[in-house]
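S.K.: Sharing a structure, written as structure tokens. Questions coming.
FYI, it's all coordinate maths here, none of it is from the lab. Source: prediction; values computed, not measured. Cβ sites come from the backbone with ideal geometry, for glycine too, and all protein chains shown count toward neighbours.
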């Protein structure tokens, strides 16, 4: 992962590679990891994992809709990912009459496959190092604004040079806090259709209660298909499109797993902060994350009131609620884990050693003020971080938060143009209106906005509230019910109907004084605003953080050899590995769960732990077919010690031959600090056993057509 081969080799010699830690670039597997992986059970060459000129494993891995990972599992472009990754698309395709979230869906043939409005997969083509080229354009005399401008100009050139006239999407990304740069070439396919999904009671079994927990029993998967034009190229949706014939698809091994089996995962981890300074950890634990948790819970509680009362509202808000709940529990888990692990103290000790090294005469000129600058930044931004998290949760949980500002400013721009330009802009304006009001319940939105304003005004005033909110608070004594009622009653942006009516007889000057727009625009302006002092703090911090990472690598005081995750394709490897014995798990070894354990959690009619009658019948009859473990039980989930994070959801879990044995879907709450510091004792990946996936498709759903198109290996050893 280093830009100079010699430096890579030196680092490898200086620090032993820990097989279970690291999110590695594929282009460096041969140099950094391959020998270690072979010792653990890998039987593939590095070229079979990543090749530019020949098909390889990387050709079967896709980024799914920008936020998850998925894998190609048939020669006809069949895609397997998590249920929660496909959740938005499944919800969009569902109606009260045809509720695919609740009842599941299985296409019996290609003509029955369903196309969501917007869904794409991204194939990784190649990557390369452009660190030397980009960094040669900057110098230490530049401030951060100048530096970023020069870098962005060079990035634009590199992206244009490598997109082959628009055929590919090219992205240049910084690594190691801007000390290195690599470009990534992708190809996007936008005609992606739903093939199958289990019922929500299976795909989301355990709900919020079991989220991030082990032992786990859930069928968190869904299936899609990628379509292309007749020549295999990306194309907009058309009935004439055909299933994509991928360069590689993953064979599926149903032999099963056991403790210490080799396991590797390829995917698109979203974000880690393994280089985060101690002050950042302390700020998150003490200020930012508690505000996030409280704001998210306020949004969830008020959404749930309306979702329980109306099935249509429940369907509309299912995805937003699930996403909010997921991060709510994640952030609370982060607070608990980082506190228990004393991670800030560990980092502080490392920084003290670095500071001593940095202030040696030969280093002081470059690194002497790094730690002092970083600590000063966090001390001066603690209150801002708390304020910003209350405010961002407000805007994330109600469309009335940022929506009127976004839509209102778009309309202001629209009405400033002449008739010809307006005609050109109108489709985008209509699309914006449709998106804003697409999944919308006005009473719910009003309730959430009111509750969030009450919370924000009560908890974030130390930093300074948005002016309109501060003014209202003076007169309403902290209860915004009447203010919100009045604003919505007099606003163009209260409903889609009122916006459409306004556009038929527009008075553009009314937008700027629209009461809901005024509140929304003030909130957006506040969260984006930065004083001169803050801008200076940000610039000084960016320089210091970049130097901290550079200095830690140079001094060898930090052994991390891989860059933080940033939604680029990575490989992590390790083993099937149990956690200490748990009385809640009926399994003999606490590295897997069974259908017996799943049925033991069953609660008839419960929103989180209900199960379909057919599954209960098949379990009672022990009708597991060839998917049962050789010990006789029906496997559900299993554990590995791979290093993953958000974005890896849906990633394939592969054995040493590159055969699919599971699908990653979660981590364990005991190691929730893993985004900041890897816990080699407790950190686990929770995976869906591929045998349970196939059992549901085949025995439970009877979708034999899907089974028949996959390559299933029944007799080889993992």
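S.K.: Could you tell me the ratio Rg/Rh of the stretch 84-155? Both radii from Cα atoms, Rh via Kirkwood.
M.R.: 1.37
S.K.: Would you report the distance distribution of C-alpha pairs in the stretch 53-250 as whole percents per 5 angstrom bin, up to the bin with the largest distance?
M.R.: Binned Cα distances yield the sequence 1, 7, 13, 15, 15, 12, 11, 10, 8, 5, 2, 1, 0.
S.K.: Still on this structure, I have one more. Counting pairs of alpha carbon atoms under 8 Å apart in space and at least six apart in sequence, what relative contact order in percent does the chain give?
M.R.: For the chain, the relative contact order is 23 percent.
S.K.: Please label the shape of the chain as rounded, prolate or oblate, based on the square roots a ≥ b ≥ c of the eigenvalues of the alpha-carbon gyration tensor (a/c under 1.5 means rounded; beyond that, a/b larger than b/c means prolate, else oblate).
M.R.: In terms of gyration-tensor shape, rounded.
S.K.: Express in nm, to one decimal, how much length is gained between residue 383 and residue 583 on full extension, taking 0.36 nm for each residue of separation and deducting their alpha carbon distance.
M.R.: 67.7 nm
S.K.: For residue 187 and residue 498, what does the FRET efficiency come to when R0 = 45 Å and r is the distance between their Cβ atoms, rounded to the nearest 0.05?
M.R.: Efficiency for this residue pair is about 0.60.
S.K.: Let me ask something else about it. Just to verify a number: FRET efficiency for residue 489 and residue 118, C-beta to C-beta distance, R0 = 41 Å, to 0.05?
M.R.: Efficiency, rounded to the nearest 0.05: 0.80.
S.K.: Please arrange 422, 386, 546 by how many other C-beta atoms lie within 10 Å of their C-beta, fewest to most.
M.R.: 422, 546, 386
S.K.: If you don't mind, another one. Taking the number of other C-beta atoms within 10 Å as the exposure measure, put 217, 704 in order starting with the fewest.
M.R.: 704, 217
S.K.: Further question: Pulled fully out, how much extra length does the chain show between residue 435 and residue 481, if you take 0.36 nm times their separation in residues and subtract their Cα-Cα distance?
M.R.: Stretched fully, the residue 435-residue 481 segment lengthens by 13.9 nm.
S.K.: Taking a spot 7 Å from the Cα of residue 711 along the direction of its beta carbon, which residues of the stretch 572-595 have an amide N less than 11 Å from it?
M.R.: No residue passes the distance filter.
S.K.: What ranking of 347, 297 emerges when the number of other C-beta atoms within 10 Å of each C-beta is taken as an exposure proxy, fewest first?
M.R.: Arranged by neighbour count, lowest to highest, 347, 297 become 297, 347.
S.K.: Same structure, new question: Just grab the label-to-label distance for residue 507 and residue 35, each label 7 Å out from Cα along the Cβ direction, in nm (one decimal).
M.R.: 7.8 nm
S.K.: Take peptides 668-679, 192-203 and line them up by average Cβ neighbours within 10 Å, highest first, as a rough protection proxy.
M.R.: 192-203, 668-679
S.K.: Starting from the 7 Å offset along Cα-to-Cβ, what nm value, one decimal, do you get for the label separation of residue 428 and residue 230?
M.R.: About 3.5 nm separates the two model spin labels.
S.K.: For a label point 7 angstrom out from the Cα of residue 237 toward its Cβ, which stretches of the stretch 83-106 have the backbone nitrogen within less than 13 Å?
M.R.: Flagged as within label range: 89-90, 92-94.
S.K.: Where the centroid of each part is defined by its Cα atoms, how far is the stretch 640-718 from the stretch 140-161 in Å?
M.R.: Spelled out, the Cα-based centre of one part sits 40 Å from the other.
S.K.: A further question follows. Can you compute the helix-only [θ] at 222 nm over the chain? Use -39500 (n - 2.57) per DSSP H run of at least 4 residues, normalise by all residues, nearest 500 deg cm²/dmol.
M.R.: Here the helix-only value at 222 nm equals -14000 deg cm²/dmol.
S.K.: Another question about this same structure. For residue 260 and residue 474, compute 0.36 nm times the residue count separating them, minus their Cα-Cα distance, and round to one decimal in nm.
M.R.: 70.8 nm
S.K.: Return the distance in nm (one decimal) between the two label points of a simple spin-label model at residue 442 and residue 600, each offset 7 Å from Cα along Cα→Cβ.
M.R.: The two pseudo-label positions are separated by 5.1 nm.
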